[in-house]
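Read through the structure below, which is laid out as structure tokens, and then see the notes.
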Amino acid sequence: MRLIIRKDYDAVSEHMANYIKNRIIEFNPTPDKPFVLGLPTGSSPVGVYKNFVKYYQNEELSFKNVVTFNMDEYVGLPRDHPESYHSFMWHHLFKFVDILPQNVHILNGNAENLEEECRNFEEKMKSYGGVELFLGDGHIAFNEPGSSLSSRTRAKTLAYDTILANSRFFDYNVNKVPRMALTVGVGTVMDAREVAIIITGAHKALALAKCIEEGVNHMWTVSAIQLHSNALIVCDEDATLELHVKTVKYFKSIEHVINDLVGAENVGLQGNVKRYPTPEVTPTREAFYNLPFKK
């Protein structure tokens, strides 16, 4: 697992957006081989989406060959309701970029048969060869504490704490918040070839600590990414408040080694080493260790 620590929410959003932009460009998607991207909603990814829009407007990124699958949707909320996740995605991202409408996949919380809707959603992902990268936040969609770590897309009853937290989007009236939602499962997210998580703010510090320093636990579903072979977390300083000081220093030191000793240009986007450091490639290494290279 890679943990990248940035100063604040804006820096986290910029880093993650830039990372995904470069992943899409490196993938070089085509109509026959699109980049399949899983996307969350809520306040956490808004900054990432703003950067996506900026990249598109600056002609740095195109979404024409990107296929998206959203993590969740409320049950029973009209599609055009301002707080539906359909509305959220179009308002914050889709209407500002060149993504094709047929490439956007969002669960239908008003489907006549919700189980069938969830099965079809899973099958649609498989039809594209799976998700290349799933972007998430500290709670993995609506997978409430106690959710199975092998769960698939399904209807889920929301915990009261979730209803209370989401009431801020419904005039702080808990009676207006839907009681159920359709959500991808933890297992669904884990099937992606890469999982990238953004965690920001002191209120998410405990979730980050549980994810990084403790074991895999269904009460903290984000901890499941410990089992993923290609997982990335980008957090801000406030989110590290519950981590041990040595943990923070450890992950910062890894980034220091990559940037100053190995050389960021010698490491791939996903952390793979492209070139072994030599005096010619990374002259700072000899100076750092005060030892000559043995040829």
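Just one of the numbered conditions (1) crowded, with 16+ Cβ neighbours inside 10 Å; (2) of a type outside the set (Asp, Glu); (3) closer than 23 Å to Ser167 by Cα is not true of Val104; which one?
With respect to (1) crowded, with 16+ Cβ neighbours inside 10 Å; (2) of a type outside the set (Asp, Glu); (3) closer than 23 Å to Ser167 by Cα, Val104 is out only on (3).
Cβ-Cβ below 6 Å, separation at least six or inter-chain, first residue in region 226-255 and closer than 19 Å to Glu194 by Cα, second among the basic types (Lys, Arg) and buried (at least 19 other Cβ atoms within 10 Å of the Cβ): which pairs?
Listed pairs, sorted by first residue: none to list.
Regarding Glu14, is this residue open to solvent by 10 Å² or more (accessible area, probe 1.4 Å) and in contact (Cβ under 8 Å) with a residue 60 or more places away in the chain?
Spelling it out, it is not the case that Glu14 is open to solvent by 10 Å² or more (accessible area, probe 1.4 Å) and in contact (Cβ under 8 Å) with a residue 60 or more places away in the chain.
Count, please, the residues in region 169-206 that happen to be assigned to a helix (DSSP H, G or I) and open to solvent by less than 10 Å² (accessible area, probe 1.4 Å).
Counting residues in region 169-206 that are assigned to a helix (DSSP H, G or I) and open to solvent by less than 10 Å² (accessible area, probe 1.4 Å) gives 5.
May I ask you to say which residue of Ile258, Ile225 is surrounded by 14 or more Cβ atoms within 10 Å (Cβ to Cβ), of a type outside the set (S, T, N, Q) and within 27 Å of Ser147 (Cβ to Cβ)?
So the residue among Ile258, Ile225 that is surrounded by 14 or more Cβ atoms within 10 Å (Cβ to Cβ), of a type outside the set (S, T, N, Q) and within 27 Å of Ser147 (Cβ to Cβ) is Ile225.
For region 68-93, give me the residue count where each residue is acidic (Asp, Glu) and open to solvent by less than 50 Å² (accessible area, probe 1.4 Å).
Residues in region 68-93 being acidic (Asp, Glu) and open to solvent by less than 50 Å² (accessible area, probe 1.4 Å): 2 in total.
Counting only residues that are open to solvent by 20 Å² or more (accessible area, probe 1.4 Å) and of a type in the set (Asp, Glu), which one in region 123-168 is farthest from Val222 (Cα to Cα)?
Going through the qualifying residues, I end up with Glu123.
Considering region 1-13 alone, what residues qualify as being modelled with pLDDT under 95 and either in contact with a helix residue (DSSP H, G or I) (Cβ under 7 Å, 6 or more places away or on another chain) or of a type in the set (Val, Ile, Thr) (or both)?
Met1 - this is the single residue of region 1-13 that is modelled with pLDDT under 95 and either in contact with a helix residue (DSSP H, G or I) (Cβ under 7 Å, 6 or more places away or on another chain) or of a type in the set (Val, Ile, Thr) (or both).
The values are calculated or read from the model by the stated rules, or taken from the named source; none is laboratory data. Worth saying up front: this structure is predicted, and the values here are computed from it rather than measured. Don't worry about glycine lacking a Cβ; one is built from the backbone with ideal geometry, like all the others, and counts go over all protein chains shown. These area figures cover heavy atoms from the full protein model, side chains too; ligands, DNA and RNA do not enter into them. Shrake-Rupley method; radii C 1.70, N 1.55, O 1.52, S 1.80 Å.
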